[in-house]
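Right, one structure below, let's go through it.
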Protein chains: 2
Amino acid sequence: MSSRVTLHEVAKRAGVSLGSTSRALHGTGASPDMVERVRAAAAELGYRPNAAGRQLRLQRTHLIEFAVADIGNPVYVEMLSAIHGVLSPHGYRIVVSSIGDAAASAARVLSSLDDGHVDGVIISPLRVDAQFIELLTATQVPVVAIGRSLRAHGIETVSTDSASGIGLAVTHLVDAGCRSLAFLNGPTDTTPGEHRQRGYDTAVAAPGFQAASFGTQVADDFTVAAGVEAAHALLDRAVAAGVRLDAVVAANDLLAIGVVRAARERGLSVPDDLAVTGMDDTEIGRMVQPALTSVSLGTTRRGQLAAELMLARLGESPEPPQLATVGPELKVRESSVRSEL
Amino acid sequence: MSSRVTLHEVAKRAGVSLGSTSRALHGTGASPDMVERVRAAAAELGYRPNAAGRQLRLQRTHLIEFAVADIGNPVYVEMLSAIHGVLSPHGYRIVVSSIGDAAASAARVLSSLDDGHVDGVIISPLRVDAQFIELLTATQVPVVAIGRSLRAHGIETVSTDSASGIGLAVTHLVDAGCRSLAFLNGPTDTTPGEHRQRGYDTAVAAPGFQAASFGTQVADDFTVAAGVEAAHALLDRAVAAGVRLDAVVAANDLLAIGVVRAARERGLSVPDDLAVTGMDDTEIGRMVQPALTSVSLGTTRRGQLAAELMLARLGESPEPPQLATVGPELKVRESSVRSEL
DNA sequence: GTGAAAGCGCTAACAA
DNA sequence: TTGTTAGCGCTTTCAC
């Protein structure tokens, strides 16, 4: 393993000074044949500029952290792609960190931010409390949040209106003839859980609501497995109460897939016996049987916006994107449309 | 935004030298009250050691790159979790880079490795050619590969026997009564595509093979969408040839989900009309309808092994893990088991 | 046990 | 245009 080639060695090889070498390779103001000589020397030696040296000097790492609750959720994977697509052409790499839903590990990620290992952080937290906001505002590096708006605290945020998104799903189901709805939510002390709950409560309390609501069942997590379990609990409750549920609004696609599975395990057909809607419009939701009716929250667009906001904060972009809010949009597919009535 | 606190300022505040300050915080050989004073000063000032400074001095970044073909594939997400689980307690962060399946971008990732921005790379390439191997062996940083064994080139590799894994699926289908099988593979110029193809060809050529093979259909990619398209092409071919296919072995779970979807679009029931098996044993495969029979390749275990191998290469671990091969294991679920015959 | 000083690799300000 | 030099923040020798 030949030891690493430094700029110093390139300079020696080219027979010129260190400064000229640096200028010839990156900077400005070097004569054509200086550039030529240095390039040749660098190529012969296989020179690669050392990242730590540049970082220390330039005070920039060209690394952006993407901190999410759960990288297993396809929504975050899609956002990651979108963010990567925007930042990569500007020479930034992405560091992914999974903060989980525990406040403690989120705090650990945040407090490690000021060691300068990244130039900025795009964070999509599940839970936001006072301590979290305090840490976030105390941070030295640019922060862009995805989710609940922290603009009041001076933190750039990309948000969406998931509450009215849930309203879209409720209206669609009622229009499709459903008369007995329930809501399957994730933990309600999370930002999405809280917003989506509000959306459901508002929708079923609206004057035009022509059906009955059997209320909400809360799953332990926004995952398929938690969805299966909670859906069974919900359906058991309905049976016990003598209610014949004909639709479940799920707080996201993973939970909706769980509902479909639980329904199947009980011999219920989706959508004929039970209509189901999801949220996030994930690719997997489009591919499962039946394909999920889902409320798109513009995952890719939100990721892009967050990345563009970050570029603006880093001074890489002349002007920040105009609006940083993405509206919900209903995608009707098989899981909510009865074959015939 | 108060500018960053440096060790120098902490030293001044504590009224001691720079060296003593450093020793008191991290190193050895500092008196109790020196530690006390320095700690207090650091706390008051909110000192955070600067990453670039340490990196430059220590020649370590505490960053490991995880380079995968497609982060959208749940297999890689699962590996990422596993790797993170092993490396995180040792103070390492993970940088994820999606190299795609183009040789060019893989080359770009590899050749950017020698700038010292990471301490090592765990790479799971889809395609491996001579140039790729050359770049990989020329790299200054420790490399651990997941996939095709590169041990012959001096590169630590975690491998599995996906070929005989496909054999497990074929045997299972024949035992379950299937008499006309086909293989739905991903691109065959990739490592997994090549290995799995070999596994299928070997299995159907074995003396004990009691069924007919309708051959292989190659999808453009290892994704659900590509699987849907290729499955339709395969089923069309079978119809044209007057063959009544009763089983499809898919090269991974995503393709298998595509097969299930295509079958459904044609009014075929899975598993009654068509039995389907996948590979990788992903969570989503377990949750879809019908739940996928799949060959586990020990994704989590392979990720852990790769991480442990990396720790050993970094000198963080006394001894490397004994074996770095994970055997395939068949998980029988609904997609291949006919309700009744 | 503590302080002084060198130097990791690089860029930019200043001189020539 | 080119060379010289300082210094980014840190750890670790080397004297004392």
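The values are calculated or read from the model by the stated rules, or taken from the named source; none is laboratory data. Remember, predicted model here, so these are calculated numbers, not experimental data. Glycine also receives a Cβ, built like all others from the backbone with ideal geometry; neighbour counts cover every protein chain displayed.
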Scan segment B:83-98 for residues that are free of Cβ contacts under 8 Å to residues at least 12 places away in the same chain and of a type in the set (G, A, S) and jot them down. B:S88
Residue under evaluation A:A256, criteria (1) within 14 Å of another protein chain (Cβ to nearest Cβ); (2) modelled with pLDDT under 95; (3) under 19 Å from A:V75 (Cβ atoms), criterion not met: (2)
Looking only at strands (runs of 3 or more DSSP E) that lie completely in segment B:89-165, which have at least 1 residues being closer than 14 Å to B:V68 by Cβ and away from chain A (no Cβ under 14 Å)? B:120-124, B:143-146, B:156-160
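For (1) out of contact with any strand residue (DSSP E or B) (no Cβ under 8 Å at 6 or more places or on another chain); (2) within 15 Å of B:E78 (Cβ to Cβ), each residue gets a yes or a no:
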site: B:V270; (1), (2): no, no
site: B:V288; (1), (2): yes, no
site: B:T299; (1), (2): yes, yes
site: B:L309; (1), (2): no, no
site: B:R313; (1), (2): no, no
site: B:G327; (1), (2): no, no
What's the total number of residues in segment A:85-94 that are surrounded by fewer than 22 Cβ atoms within 10 Å (Cβ to Cβ), closer than 24 Å to B:A51 by Cα and out of contact with any His (no Cβ under 8 Å at 6 or more places or on another chain)? 2
If you take the residues of segment B:56-82 that are under 17 Å from A:R4 (Cβ atoms) and free of Cβ contacts under 8 Å to residues at least 24 places away in the same chain, which of them is surrounded by the most Cβ atoms within 10 Å (Cβ to Cβ)? B:L56
Scan segment A:175-215 for residues that are surrounded by fewer than 19 Cβ atoms within 10 Å (Cβ to Cβ) and among the polar types (S, T, N, Q) and jot them down. A:S180, A:T188, A:T202, A:Q210, A:S213
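Examine segment A:51-63 for a residue that is assigned to a loop (DSSP other than H, G, I, E, B) and at the interface with chain B (Cβ under 8 Å from one of its Cβ atoms), and state whether such a residue exists.
Kept after step one, since they are assigned to a loop (DSSP other than H, G, I, E, B), are these residues of segment A:51-63: A:59-62.
Going one step further and asking which of them are at the interface with chain B (Cβ under 8 Å from one of its Cβ atoms), we end up with A:59, A:61.
Scanning segment A:51-63, I find at least one residue that is assigned to a loop (DSSP other than H, G, I, E, B) and at the interface with chain B (Cβ under 8 Å from one of its Cβ atoms), so the answer is yes.
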Give me the residue from segment B:1-20 that is part of a helix (DSSP H, G or I) and either of a type in the set (A, V, I, L, M, F, W, C) or exposed (fewer than 13 other Cβ atoms within 10 Å of the Cβ) (or both) and, out of that set, nearest to DNA strand C (Cβ to nearest atom). B:G19
Quick check: is even one residue across segment A:283-296 under 16 Å from the mean Cα position of the chain (by Cα) and away from chain B (no Cβ under 11 Å)? yes
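Quickly run through segment B:149-174 and pick out the residues that are more than 23 Å from B:A231 (Cβ to Cβ) and out of contact with any Leu (no Cβ under 9 Å at 6 or more places or on another chain). If you could, list the steps in order and put the result at the bottom.
Quick first cut of segment B:149-174, residues more than 23 Å from B:A231 (Cβ to Cβ) only: B:149-161, B:164.
Passing the criteria: B:S149, B:R151, B:A152, B:G154, B:S159, B:S164.
It is to be established whether one or more residues within segment A:231-245 are within 13 Å of chain B (Cβ to nearest Cβ) and more than 24 Å from A:G298 (Cβ to Cβ). Show your work before the answer.
Step one: of segment A:231-245, the residues within 13 Å of chain B (Cβ to nearest Cβ) are A:231.
Checking the rest, the ones that are also more than 24 Å from A:G298 (Cβ to Cβ) come to A:231.
Yes, that holds for at least one residue.
Among what's in segment B:37-50 and is in a helix (DSSP H, G or I) and within 13 Å of DNA strand C (Cβ to nearest atom), pick the residue that is farthest from B:G116 (Cα to Cα).
First pass over segment B:37-50, keeping only residues in a helix (DSSP H, G or I): B:37-45.
Filter once more, keeping what is within 13 Å of DNA strand C (Cβ to nearest atom): B:37-39, B:41.
Numbers: B:R37: 35, B:V38: 31, B:R39: 31, B:A41: 33 Å.
So, considering only residues that are in a helix (DSSP H, G or I) and within 13 Å of DNA strand C (Cβ to nearest atom), the one farthest from B:G116 (Cα to Cα) is B:R37.
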Condition check: more than 12 Å from DNA strand C (Cβ to nearest atom) and surrounded by fewer than 18 Cβ atoms within 10 Å (Cβ to Cβ). Does A:P32 satisfy that? yes
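Just to be sure I understand, how many residues within segment B:21-36 are part of a helix (DSSP H, G or I) and near DNA strand D (Cβ under 8 Å from one of its atoms)?
Narrowing segment B:21-36 to residues part of a helix (DSSP H, G or I): B:21-25, B:32-36.
Then keep just the ones that are near DNA strand D (Cβ under 8 Å from one of its atoms); that gives B:21-23, B:25.
Summing the residues that are part of a helix (DSSP H, G or I) and near DNA strand D (Cβ under 8 Å from one of its atoms) in segment B:21-36 gives 4.
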Answer with yes or no whether A:A40 is within 16 Å of DNA strand D (Cβ to nearest atom), surrounded by fewer than 17 Cβ atoms within 10 Å (Cβ to Cβ) and modelled with pLDDT of 95 or more. yes
Can you find a residue in segment B:142-149 that is surrounded by fewer than 22 Cβ atoms within 10 Å (Cβ to Cβ) and within 28 Å of A:V86 (Cβ to Cβ)? no
Taking segment A:318-335 and keeping residues modelled with pLDDT of 95 or more and part of a loop (DSSP other than H, G, I, E, B) leaves A:P328, A:V332, A:R333
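Give segment B:40-50 a look and list any residue that's more than 9 Å from chain A (Cβ to nearest Cβ) and either free of Cβ contacts under 8 Å to residues at least 40 places away in the same chain or in contact with a Gly (Cβ under 8 Å, 6 or more places away or on another chain) (or both), or say none. Talk me through it step by step, then tell me what you get.
As a first pass, look at segment B:40-50 and keep what is more than 9 Å from chain A (Cβ to nearest Cβ): B:40-45, B:47.
Result: B:A40, B:A41, B:A42, B:A43, B:E44.
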Index of the failed condition, A:A312 passing every other in (1) away from every other protein chain (no Cβ under 13 Å); (2) among the aliphatic types (A, V, I, L, M); (3) surrounded by 21 or more Cβ atoms within 10 Å (Cβ to Cβ): (3)
